[in-house]
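*Asks:* My questions all concern the structure below.
The values are calculated or read from the model by the stated rules, or taken from the named source; none is laboratory data. The structure displayed is predicted, hence computed values, not measured ones. Every residue, glycine as well, gets a Cβ built from its backbone with ideal geometry; the counts of neighbours run over all protein chains shown. Quick note on the areas: whole protein, heavy atoms, side chains included, nothing else; ligands and nucleic acids left out. Shrake-Rupley method; radii C 1.70, N 1.55, O 1.52, S 1.80 Å.
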Amino acid sequence: MLLIYTHKITPRLRYTFKHICTNILGISVKFTTAVDEFIVHDSLKLSYTNKPLGKELHIKSQEVLFEQGITDMEVKVQEWRDTKCFFVTGIKSFLPYDIFAAAFVLLSRYEEFLPHVKDEQGRFPAAESLGFQNEFLTQPVIDIWAYYFKEVLEEKYPGYDFAKRKFSFQALVDVEQAYEMYGIGIMRWVTSFLSDLVHFQFQHIWLRFRVNLGLRKDPYDTFSWLINVQKNAKFKFVFFFMVGNYSTYTKNIRYNKKTFRELIKMVGDYSEIGLLLSKEALSDKKQMKLEKKRIEGIINKELNAVRCSAYMGSLPTHYREMIQQEAKNDYSMGYPDVLGFRAGTCTPFNFYDLDYESITPLIIHPICAQARAFESRSVDVKELNHELDIFFKMKEEVERVKGNFVFSFKNKSVTGKGQDEGQWKQFFRELVND
């Protein structure tokens with residue numbers, strides 16, 4: 001156990017030390033404001049306050065973890081070994097930066113609570129983030145800082161038996177549209193047929209007839225292939241199905257169609273099922289509740305994993321509603337079209353609500369790569385190869401800190417037909433079997 005001496009114990013303090021020390025390094029922590037208790041403690045201990053008590057292990061604290069509310073702060077990012085950090089401490093501190101204050105700023109998404117420029121979808125864009133602007137977005141900096149801290153602890157306490165964690169890998173499958181042609185309903189089928197006819201897409205028309213006559217599988221029906229790939233992988237995939245109402249943004253078939261429900265149940269026999277919230281659910285809490293009820297009615301068990309669609313706009317609002325709906329695990333913490341660690345970590349953590357200064361029960365699973373980041377560059381081979389280089393560099397970074405490498409893609413990304421042209425099929429198979 002690591003005993004922390006500080007002048008004030010706050011929710012922010014507990015939250016941040018738990019993530020770095022317990023979640024990442026596997027060290028339990030206890031806090032005290034009593035000097036006597038700290039002095040007699042004969043194991044790991046650290047003073048986190050304005051100045052050291054004596055010659056103990058000490059990190060000079062910034063005010064961030066002792067404040068309440070949100071204030072506009074000056075952040076000066078600097079180079080540190082093979083990464084970057086901010087909040088300089090001084091010569092009396094065992095680390096040159098207050099990694100705990102810096103970690104809290106990233107984990108709490110402090111910058112997203114401050115006034116910022118939104119993109120055309122009303123979202124916080126990656127370009128506005130500290131990580132992007134200071135070129136550390138593609139590193140799990142908090143985990144890297146944690147291991148720097150561990151080095152200091154090991155030097156100070158060489159006899160202590162530190163826990164070891166293992167690298168983990170997880171693939172998420174977004175099922176925005178289970179089928180392109182099959183089971184879509186007569187009106188949608190006729191509309192699509194006429195559109196193909198007007199644009200002289202005769203091969204597509206022929207394919208459409210073959211699919212509906214049962215002579216060929218629907219192009220987006222890659223589920224059997226994905227399950228077979230999963231059999232050789234070291235982990236189970238999580239399939240996120242969208243069950244919202246048909247709209248401009250939601251193109252899936254009706255949730256109550258027998259074929260769709262049977263598909264979800266079949267996939268659920270081999271993998272975990274999650275809910276991919278529609279755009280409408282993100283703006284209407286009744287719709288979010290309805291979609292959760294729908295998916296639970298299909299899988300006949302309590303929902304464990306939730307994920308926002310690419311239209312997630314207001315981070316605290318959506319997360320608060322998920323908590324109201326008793327969601328347990330969220331897989332939305334990433335940028336839809338940019339690679340990187342949005343919260344600066346590759347380790348799951350609890351959502352901290354800055355407005356209420358409270359640690360919530362919702363566990364956030366950071367995602368470092370999503371399908372859209374590659375789709376927008378798939379026509380330019382040079383750009384695509386550059387993104388893939390970044391992707392594998394991020395994987396190496398996560399392996400180095402024994403973290404969780406989580407990425408998402410779509411069932412239609414491995415079709416072998418249509419806009420994606422199957423270019424990810426071999427790439428995905430090799431990736432998950434590595």
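*Asks:* Share of region 1-103's accessible area from carbon and sulfur, percent, 1.4 Å?
*Replies:* Numbers: 2470 of 4830 Å².
Roughly 51 percent, rounded to a whole number.
*Asks:* When the solvent-accessible surface of protein heavy atoms is calculated with a 1.4 angstrom probe, in what order do His199, His7, His41 fall, highest first? If you can, show how the numbers build up before the last one.
*Replies:* Values: His199 120, His7 80, His41 40 Å².
Output order, biggest surface exposure first: His199, His7, His41.
*Asks:* Taking the Cα centre of each part, how many Å lie between region 331-391 and region 198-275?
*Replies:* 25 Å
*Asks:* Moving to a separate point now. I'd like the Karplus ³J(HN,Hα) series for region 322-331: coefficients 6.51, -1.76, 1.60, θ = phi - 60°, whole numbers in Hz, and an x wherever there's a Gly or Pro.
*Replies:* With coefficients 6.51, -1.76 and 1.60, one gets 4, 5, 4, 8, 6, 5, 9, 10, 10, 10 Hz.
*Asks:* Ok, one more. Report the gain in length on full extension from Glu302 to Lys382: 0.36 nm times residue separation, minus Cα-Cα distance, nm rounded to one decimal. Intermediate values should be presented prior to the final figure.
*Replies:* On the way: separation 80, 0.36 × 80 = 28.80 nm, distance 4.44 nm.
Separation in residues times 0.36 nm, less the Cα-Cα distance, equals 24.4 nm.
*Asks:* Roughly how many Å² is the accessible area per residue of region 245-310, as a whole number, for a 1.4 Å probe? Write out the running numbers ahead of the final one.
*Replies:* Working: 3380 Å² over 66 residues.
Per residue, region 245-310 has 51 Å² of solvent-accessible surface.
*Asks:* Next question. Taking every DSSP beta bridge with both residues inside the chain, roughly what % is antiparallel (nearest 5)? It would help to have the intermediate numbers written out before the result.
*Replies:* Values: 8 of 41 bridges.
Approximately 20 percent, going by the DSSP bridge assignments.
*Asks:* Determine, for each peptide in 119-128, 70-79, the mean count of other beta carbons within 10 angstrom over its residues, then list the peptides with the highest first. Walk me through the intermediate numbers first.
*Replies:* Numbers: 119-128: 14.9, 70-79: 11.0.
Ranking, from highest mean packing down: 119-128, 70-79.
*Asks:* Cα axis of helix 285-299 to longest principal axis of the chain: angle in degrees, 0 to 90, nearest 10?
*Replies:* 70 degrees
*Asks:* Continuing with this model, one more query. Could you work out how far helix 202-212 tilts from the main Cα principal axis of the chain, as a 0 to 90 degree angle to the nearest 10?
*Replies:* Around 90 degrees separate the two axes.
*Asks:* For Arg320, Arg208, give the ranking by accessible area with the largest first, probe 1.4 Å. Write out the running numbers ahead of the final one.
*Replies:* Details: Arg320 60, Arg208 10 Å².
So the residues, ranked largest to smallest area, are Arg320, Arg208.
*Asks:* Specify, per residue and in Å³, the volume enclosed by the convex hull of the alpha carbon atoms belonging to region 1-150.
*Replies:* On the way: hull volume 17.3 nm³, N = 150.
So the per-residue hull volume is 115 Å³.
*Asks:* With everything on Cα atoms, drop me the angle between helix 186-198 and the longest principal axis of the chain, reported from 0 to 90° to the nearest 10.
*Replies:* 80 degrees
*Asks:* While we're here: Just the C-alpha atoms of region 89-197: what Rg/Rh do they give, with Rh taken as the Kirkwood radius?
*Replies:* Values: Rg = 24.1 Å, Rh = 19.4 Å.
A ratio of 1.24.
*Asks:* Counting only DSSP beta bridges with both residues in region 248-385, what percent are antiparallel, rounded to the nearest 5? Can you show the working numbers first?
*Replies:* On the way: 4 of 11 bridges.
Counting only bridges with both partners in region 248-385, antiparallel ones make up about 35 percent.
*Asks:* Also, quick follow-up: Can you give the accessible area of Lys217 in Å² (nearest 10), computed on protein heavy atoms with a 1.4 Å probe?
*Replies:* Its accessible surface works out to 100 Å², give or take rounding.
*Asks:* Can I ask one more? Read through the labelled values (i) 24, 57, 18, 0; (ii) 21, 28, 16, 19, 14, 2; (iii) 24, 52, 21, 4, 0 and report the label of the one computed as P(r) over Cα pairs in 20 Å bins from 0, in percent from the structure.
*Replies:* Checking each listed value against the structure points to (iii).
*Asks:* Checking the a/c ratio against 1.5 first, then a/b against b/c, what shape does the Cα gyration tensor give for region 121-182? Walk me through the numbers before you get to the answer.
*Replies:* Working: a/c = 5.70, a/b = 1.79, b/c = 3.18.
Oblate, since a/c reaches 1.5 and b/c is not below a/b.
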